[in-house]
Amino acid sequence: MPTLWLVNFRPLPGIVVLRRAAGILAVLAATVLGSEPAAAYSVIHSHMAGPGFPSNAVVADTSGNLYGTTYGGGASNGGTVFTIRTDGTGFSVLHSFTGGAHDGWYPRDSLILDASGNLYGTTYSGGSSNLGTVFKIKTDGTDFSVLHSFAGGAGDGWNPEASLILDASGNLYGTTYFGGASNRGTVFTIKTDGSGFSVLHLFAGGAGDGSNPEASVILDASGTLYGTTRYGGVSDRGTVFTIKTDGSGFSVLHSFAGGPGDGQYPWASLILDASGNLYGTTYSGGASNTGTVFRIKTDGSGFSVLHSFSGGAADGQNPEASLVLDASGNLYGTTPFGGSSGSGTVFRTKTDGSGFSVLRSFAGGAADGRNPRASLILDASGNLYGTTAFGGSFDSGTVFTIKTDGAGSTLLHSFGGDAGDGSQPYASLILDASGNLFGTTAYGGAWDRGTVFTMKTDGTGLSVLHSFAGGAGDGQTPVASLILDASGNLYGTTHFGGASNDGTVFTIKTDGTGFAVLHLFAGGPGNGRHPASSLILDSSGNLYGTTFHGGASDAGAVFTMKTDGTGFSVLRSLPGGPAEGQYPEASLTLDSSGNLYGTTDHGGSSNLGTVFTMRTDGTGFRVLHSFVGGSGDGQACDSLILDDSGSLYGTTGGDGTSDLGTVFTIKTDGTGFSVLHSFAGGAGDGETPYASLILDASGNLYGTTYGGGASSRGTVFTIKTDGTGFSLLHSFAGGASDGRSPYAPLILDASGNLYGTTYGGGTADLGTEFTLPSLCAMGAPTGEPAARCGAGTLVLSASGAGAGQDYKWYDMPLGGTLLQTGGASFTTPPMSTTTTYHVSVYDTTTLCESGRMAVTATVNPIPAAPTAGSEPTVCQGESIHLTATDVPGATYSWTGPDGFVSALQNPVITNAQPAASGTYSVTVTADGCESAPGTTTTAVTADAQAPTVTAPTDVVVFQSLCCATFGGADPTTSPALAAFLSGATATDDCVAAATALAPQAGGFDVTGTTCFEVGTTTVTFRFSDAAGNVGTDTADVTVRMYGDLNIDATVDPADMVVLQSYFNSAATPEVPPFGAPEAMADPVSCLAP
């Protein structure tokens, strides 16, 4: 786990939740409905993280015993050393780390074992400086001792993340992630008895050196060490290095560059074969940027990528652990991701890169581990042993075994933790209008990299909304509080994570959906890194925040960005020095005029921090105050709050009369600086406040101190804005039933209940959420909203005041203008837009006042009159089409002649009669407000004129069937006749298309079987209009008999005899001189034989 960038190990504050700042959309606790005053102090939740999470390899002795460490769990949840048999029996905790000067805390890597039965390892923190240790313990758990406590600084390392190695002379070698003059890490050596500690190399980063080694070194037979660094090198993406055991001969063998042909960010140590080849893994890089297996000679030549991980069901991704090598030239390793369930793999590949295969895909659940993050070990029988960070019965990690061919996978042990909760909340809570609390924890969750959580104000309904995973696509270690916009979106920052591990800005919905990283910090002049504070949000959707590092001088920056992640820019790079601050660790405050106010931990005339102001566009930067320390001033200030009179209030973690911190005030123009209280510690006072203040409506400030109080575990205090009335509301005692060491500010609900978090204490000493009543705890009133149509006044009302209580009406949720004192009803001034007013209850004797409840006076606009339309005239029997312009969400109401009404937007009147003539009116109603009418006029005219019919041209068709005496044709057998009968057209003075009636011949309707006998027939074509008027026109159809079939120069009935014989005799059809007529029926019905 990377360390937090904290000046003097000062914890990181949260956001100022209550502030006077028009337009800021952070949810104010004062808007919560229906809450009641808390009866007394109570812990509403204790964070739990179970004993487990092994992220390190195990080591085996010759008797079949495995030894390992867990990052969490144990008596103090500081991690453990454990043992277990290779068959899964005999599990036992050998040591529980407790921290402090004589013990370590949080072991990050595996153990090593000497021939005398001594185990050696490192812890990330603990020891006399709480910067990590080298420790020793017997395999039976006795004789635990700290061999070295890291002190940091120029001459020592701090925060070791890697295991040790041991040479034949009893010298241990290891690395630290930080420390040294450049704070980029070290290589060190120490004797097994703790003597002879020496730093062999101080990493400085840059093109010619590595930075931040996360893995152990290895040793060859000639006394040369080889290792990796996570960063540094030409591309700052990690290195492979070598150095002699006496510290000479340091050289970078390879600088990782990333991309398809190289890896980047090696997390794991190397292994060495008998031919002088080094093998290792990188977390990312390669063809899919999901990690590689690589090989390189010990002289730096011959670098090659043996395998690029691609993830998915058939491959792993993002290896974090070193490899093991068997006698047949097979490499074995693990990946925490990828595989068929995406939960990690065990893989095998040849030393030349061939033969890659996934031996095991982890699935998680009670019967399987998931996310292996440590290397494997191999016994003489071909059994691999390893650990998974999660999975098993409690999802807290497992020990497993598997054969080198992938067979025989067995879960040996499930660690008994619980990753469903976060731990160690640094930041304050926020509260929405439904009584839901939201917060972050710096650690815990599925990956022990922090969480976003929610719970009810009574402690029920705890849910982890997001577990941070770190890496390129997620943040880790959120140390600042959240903010909430009006649409239910939470926004926050993480101190680490992202592609450069420099922190992120993220968003997530209050139901846990929609998580997205909005910005990845990367340092440099145009970017910040390591944000330690919460964000603020203005009414235009702009976020503002600070980063502890980054900017042009890497001394911190003020930045802005949109809520969708666009528009990121650094408003100010803080260079430090006497005229300017550096290292801003606290959130900003925004006033209604667009001025930002903030603080820095360092810089200013005495390099003890500053109070500064600037505009939201980055202009107008000015230092309002430089802290100088001493009894009359503080140093290292937290976030500020602003009252309605233009006074800022804050705390400092040091100096004042007892050098234990102060409460101070200063005007927004930099005048009027004054220390309101100097903390003195002891049972009756707090000490070292690390959090900002909050202010209630009665002028009482509330805050927390990290130490002091009856048990020296921290306090909740109150003080008036003029410095009077200081008192302790609670002294934390720690233990299972109380919190300890609060880092974050409080929040205040509408009933006067305070809510807060503690970094430690509670059941597992992993922090708590608590509540207690403020000085003026009283129930907030209930407001009754009102609405009207159009501009005017409204009467709002409130209820809930008790005996000796009355109401106050305001225009703002905090500060603002007092509009009316007394009275449960309030008449608004004339309004043209919806306005929210705020009502509180106050005690007429003590003048204590509740939080303000929002009461909305809604002005619904009167919709504009719709534009109505219709046909100006229609003929009797036609349809009238009424239309009205679209008004989204509105209802329509039509009225008109002859009793017409309709609720449709566009009604149609069919078969219109003259009585429908006249003016039609339509109104729209939206939000209960009706528009003026829109009108349209239509005239319905009587139709006395028949359609004008145009018959088709006379037509001649050939006989097509036997009918009547000599044959004829009908529409069914004669296409030409059918076309003639349908060829008439008509126009009408009213209707666009008159209706065609059946044509008539001889006074009868023509059908499909009507026979038109040989000769000429007159056809009457008819069309009707809507009024029943019928128009006609005529045309002739002539049917010709077939030709002179008997060739007697006359077409006569005798020809039909020949035609008949054509069909009924032996005459051959289609043989001249006969030609068969089209569709000719049997002519027997035409003539007798």
Residue list for the range 714-747, filter: part of a loop (DSSP other than H, G, I, E, B), of a type in the set (Phe, Trp, Tyr) and surrounded by 24 or more Cβ atoms within 10 Å (Cβ to Cβ): Phe732, Tyr743
Of all residues being crowded, with 20+ Cβ neighbours inside 10 Å and either among the hydroxyl-bearing types (Ser, Thr, Tyr) or farther than 30 Å from Leu775 by Cβ (or both) in the range 847-858, which is modelled with the lowest pLDDT? Just the residue, please. Ser850
Out of the range 484-495, which residues are surrounded by 24 or more Cβ atoms within 10 Å (Cβ to Cβ) and of a type in the set (A, V, I, L, M)? Leu490
Could you go through the range 767-784 and let me know if any residue there is within 32 Å of the chain's Cα centre (by Cα) and part of a loop (DSSP other than H, G, I, E, B). yes
Please state which of the following conditions Phe1004 fails to meet, knowing it meets all the rest: (1) in contact with a Phe, Trp or Tyr (Cβ under 6 Å, 6 or more places away or on another chain); (2) over 21 Å from Ala942 (Cα atoms); (3) free of Cβ contacts under 8 Å to residues at least 60 places away in the same chain. (1)
For Gly889, state whether it is touching a helix residue (DSSP H, G or I) at 6+ places or on another chain (Cβ under 8 Å), under 19 Å from Ala932 (Cβ atoms) and either in contact (Cβ under 8 Å) with a residue 12 or more places away in the chain or hydroxyl-bearing (Ser, Thr, Tyr) (or both). no
Among (1) closer than 23 Å to Met778 by Cβ; (2) surrounded by fewer than 17 Cβ atoms within 10 Å (Cβ to Cβ), which single condition is Ser711 missing? (1)
With respect to the numbered conditions (1) in a loop (DSSP other than H, G, I, E, B); (2) polar (S, T, N, Q); (3) under 19 Å from Thr768 (Cβ atoms), which one is the sole condition not fulfilled by Thr704? (1)
So if I check each of Gly790, Gly756, which one is out of contact with any helix residue (DSSP H, G or I) (no Cβ under 8 Å at 6 or more places or on another chain) and either within 20 Å of His838 (Cα to Cα) or surrounded by 24 or more Cβ atoms within 10 Å (Cβ to Cβ) (or both)? Gly756
Is there any pair linking a residue in the range 714-729 that is free of Cβ contacts under 8 Å to residues at least 40 places away in the same chain and of a type in the set (Val, Ile, Thr) to one that is crowded, with 19+ Cβ neighbours inside 10 Å and part of a loop (DSSP other than H, G, I, E, B), with Cβ under 6 Å and at least six apart or on different chains, and which? Thr715/Gly709
Listing of strands (runs of 3 or more DSSP E) fully contained in the range 156-219 that carry 3 or more residues being at pLDDT 95 or above and more than 28 Å from Gly68 (Cβ to Cβ): 198-202
In the range 927-936, is there at least one residue being in contact (Cβ under 8 Å) with a residue 60 or more places away in the chain and in contact with a His (Cβ under 8 Å, 6 or more places away or on another chain)? no
Output the number of residues of the range 561-603 satisfying the condition of being in a strand (DSSP E or B) and at positive phi. 1
Kindly indicate whether Ser211 is under 18 Å from Glu320 (Cα atoms) and either in contact with a Phe, Trp or Tyr (Cβ under 7 Å, 6 or more places away or on another chain) or not assigned by TED's automatic domain parsing to the domain that holds Thr292 (or both). yes
Going through (1) more than 23 Å from Ala586 (Cβ to Cβ); (2) touching a His at 6+ places or on another chain (Cβ under 9 Å) one by one, Phe726 fails only at (1)
When only residues in the range 872-882 that are modelled with pLDDT of 90 or more and buried (at least 18 other Cβ atoms within 10 Å of the Cβ) count, which is farthest from Ile909 (Cα to Cα)? Leu882
Checklist (1) of a type in the set (A, V, I, L, M, F, W, C); (2) part of a loop (DSSP other than H, G, I, E, B); (3) buried (at least 23 other Cβ atoms within 10 Å of the Cβ) applied to Val399, failing item: (2)
Assess whether Lys456 counts as being more than 28 Å from Thr69 (Cα to Cα), surrounded by fewer than 23 Cβ atoms within 10 Å (Cβ to Cβ) and among the charged types (D, E, K, R). yes
Within the range 216-235, restricting to residues that are surrounded by fewer than 20 Cβ atoms within 10 Å (Cβ to Cβ) and not hydrophobic (A, V, I, L, M, F, W, C), the one that is farthest from Asn183 (Cα to Cα) is Ser222
Restricting attention to the range 597-644, report how many residues are modelled with pLDDT of 90 or more, of a type in the set (S, T, N, Q) and either surrounded by fewer than 24 Cβ atoms within 10 Å (Cβ to Cβ) or in contact with a Ser or Thr (Cβ under 6 Å, 6 or more places away or on another chain) (or both). 9
One residue from Val901, Val839 being surrounded by 17 or more Cβ atoms within 10 Å (Cβ to Cβ) and in a strand (DSSP E or B): Val839
Would a scan of the range 361-372 turn up a residue that is in contact (Cβ under 8 Å) with a residue 12 or more places away in the chain, among the basic types (Lys, Arg) and surrounded by 23 or more Cβ atoms within 10 Å (Cβ to Cβ)? yes
Across the range 618-675, the tally of residues that are more than 36 Å from the chain's Cα centre (by Cα), within 20 Å of Leu695 (Cβ to Cβ) and among the aromatic types (Phe, Trp, Tyr) stands at 2
Does Thr827 count as outside the structural domain of Val908 (by TED's automatic domain parsing), touching a strand residue (DSSP E or B) at 6+ places or on another chain (Cβ under 9 Å) and polar (S, T, N, Q)? yes
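The values are calculated or read from the model by the stated rules, or taken from the named source; none is laboratory data. Nothing here was measured: the structure is a model prediction, and the numbers come from that model. Note that each Cβ is placed from the backbone with ideal geometry, even for glycine, and that neighbours are counted across all protein chains shown.
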